[in-house]
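Asks: Handing you this structure, nothing more for now.
Please treat every number below as a calculation from the coordinates, not as lab data. As the structure is a computational prediction, the values presented were derived from the model and not from experiment. Neighbour counts run over all protein chains shown; Cβ positions are idealised from the backbone, glycine included.
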Amino acid sequence: MTPQPPSSSQEQMHRAADRFAVRQARLHRRSVRLLWLLVGPGILVMLGENDAPSMLSYAATGSRFGIGFFLPFVVLTFVMAFIAQEITVRLGAATQTGHAELIYRRFGRFWGNFAMIDLLLTNFLTLVTEFVGIIAGSGYFGIPAAVAVVAGLAVVSTAVLVRRYWSWERVVLLMALFNLVFIPVAIMTHPNFARIGQAFLTWSPLAGGMSSQTLVILLADIGATITPWMLFFQQGAVSDKGLTTDDVRHGRIDTALGAALAALAAVACIIATSPLFFHHMDAKQFGAAQFAQALVPYVGSTGGMLFALGILEAGLVAAATISTSSAYAFGEVIRRIHSLNGSFREAKDFYLVLVGVAGAAGLLVLIPGFPLETVVIIVNVIAVLTMPPAIGFLLILANDHEIMGPLRSTWWLNAMGLSVGIFISLAGLAYAVSVIFPRWF
C-alpha cells in the first residue's frame, strides 16, 4: 500500500482536539451534541451543490415548465445524490483518505490523471458560473461586478485566515443555510398547495413533450444535483474532519439532512419562479441577473431582494466548497499536506490552489462580452456528461474488500448505486443523440 501523505503538527493537534470532543460526547451519551459535532460535510456538499448555476437552472425550469413534472423529478435527483454521497462517507471513514488519492492508489496513474483532469476542468468551469451568480445577485443591489468578485474571493480566502477545519465548516454552514431563503419567496407567490401535492402524487407529463431544449433543461437539473466535485469534496472533508468507522451512521444522517434541505430549497425555487410560466413570460428573455427583477410584480421588492440574496449566497458557498474540493484533490495527488487544519506555512500549496483557482475564475467573468448566461446552463450539462466515469470509480472502490473491509457495499447498496450510474449514463447518451440527430426531438 502506498505510504500516507505527510501531515502537519498543527493538523494533527486540531484533529485530535476534535476527536476528543467526539469521544467525550459519545462516552457521556450526549446524542444531540454528538450529532452537532459530526454533521457538516453532508449538509455542506448538498447545499453547496445548490450553487448559482443550479438555482438559476431551477429558476429557468419553473419559469418555463411551471410546477408539474419537474417537482418530483428534482426530488428524485437528490435521492440519487444521497446514494452517491453515502458511498463517499463510507470511503472516507474506512480509509481516512481523499478521493483523488484513492483513485491513484487503486487504479494507477493513467486513470488517476484522467479523473483529475475531469475534476479540475469541471471544477474550474463551475467556479466561473459561481462568480456569474455572485455578480448576478450583487447586481440586484447595485454592487459593481468587480466589487462582487473581490467579495467572493474574500469569502474563499476565509479558509486561509481560519486555518481550522471545524471553524471553516461552521462559517460556511451558516452561509449555506441562507439557501433556504427561496422558501419564503415561494410562499410569497401564494402557490396552490393542492396543485403542488397533485404534482408529487401524479407526476404530470412534460408540458409540450420532449424536445432538444427540454432535454437540456432535464440534464441541467440533473447536473444541478449530481457532479464529480461532490465526491472529492465530501470524502476529503470526512477525512479532514477525522470521521472514523464509528461515525458512519452520523455521516449518513448528515448527508440525508443535507439532501432534504437542498431538495426543499430547489423545489421552492421552482415554485417561486412558476408565476412567470403561468403568466406566459418567456424565460429566454431573462439573463442571470434579471430573474429577481422579473419576480417583483409577484413577490414584491422584499421577495425580489430575497431571491437575489439566495443566488448570491449560492455562488459564495459553492465557490468556497468547490475551490476546497480542487485543493484537496491537488494536494492528494502531489502528496503534500492538504488540510484546512494546517497552517499556511505547512500547507502553502493547498491554500494557494484553493484561492488561485477561484481568483482565475473570478477574473474570467470580468472580461467584457463574456457569455455568462450560456455558460451557466452548459456547465450543468457538462457535469452530467462527465459523471458516469466518476460513478464507475466510486462503485468499484466501494466494493474493494481490501479498501473498505466491513464497510464494503452490500448487494442492495450496489443495486442503488448502479441504478444511479445507469440513469446518468442514459441521460448523457440521450443528449448525445439529440445533438447528432436533432430531428428525432
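Asks: Below 13 angstrom from the Cβ of I334, what's the summed charge of the other residues (Lys, Arg +1; Asp, Glu -1)?
Replies: Summing Lys and Arg as +1 and Asp and Glu as -1 gives +1.
Asks: Also: Once both axes come from the Cα atoms, what is the angle between helix 291-334 and the longest principal axis of the chain, in degrees from 0 to 90, rounded to 10?
Replies: 30 degrees
Asks: Continuing with the same structure: Could you tell me which trypsin sites (Lys or Arg not before Pro) in segment 284-355 are loop residues by DSSP with no more than 11 other beta carbons within 10 angstrom of their beta carbon?
Replies: R345
Asks: Where does each of 233-239, 391-397 land if you order them by average Cβ count within 10 Å, highest first?
Replies: Highest to lowest by the protection proxy: 233-239, 391-397.
Asks: May I ask for the net charge around W111, where only other residues with Cβ less than 12 Å from the Cβ of W111 are counted and Lys, Arg are +1 while Asp, Glu are -1?
Replies: It works out to a net charge of +2.
Asks: Right, here's the next one. Would you mind counting up the charge near I396? Only other residues with Cβ under 13 Å from its Cβ, with Lys and Arg at +1 and Asp and Glu at -1.
Replies: Summing Lys and Arg as +1 and Asp and Glu as -1 gives +1.
Asks: Continuing with this model, one more query. Using the Cα centre of the chain as origin and beta-carbon charges of +1 (Lys, Arg) and -1 (Asp, Glu), tell me which of A220, L243, F277 is placed farthest towards the positive end of the dipole.
Replies: Of the options given, the answer is L243.
Asks: Between 0 and 90 degrees, rounded to the nearest ten: what's the tilt of helix 411-436 against the longest Cα principal axis of the chain?
Replies: Approximately 50 degrees, to the nearest 10.
Asks: Taking 8 Å as the Cα distance limit and 6 or more residues as the minimum spacing, I'd like the relative contact order of the chain as a percentage.
Replies: 36 percent
Asks: Let me ask something additional. On a 0 to 90 degree scale, rounded to 10, what angle separates helix 145-156 from the longest Cα axis of the chain?
Replies: Helix 145-156 and the main axis of the chain meet at about 30 degrees.
Asks: Would you mind classifying segment 22-177 by shape? Square roots of the alpha carbon gyration tensor eigenvalues, ordered a ≥ b ≥ c; an a/c under 1.5 is rounded, otherwise it is prolate if a/b is larger than b/c and oblate if not.
Replies: rounded
Asks: Can you compute 3J(HN,Hα) from phi for each residue in segment 79-92, using the Karplus curve 6.51 cos²θ - 1.76 cosθ + 1.60 with θ = phi - 60°, rounded to whole Hz and x for Gly and Pro?
Replies: Working through the residues one at a time gives 4, 5, 4, 4, 4, 5, 6, 4, 5, 5, 4, 5, 4, x Hz.
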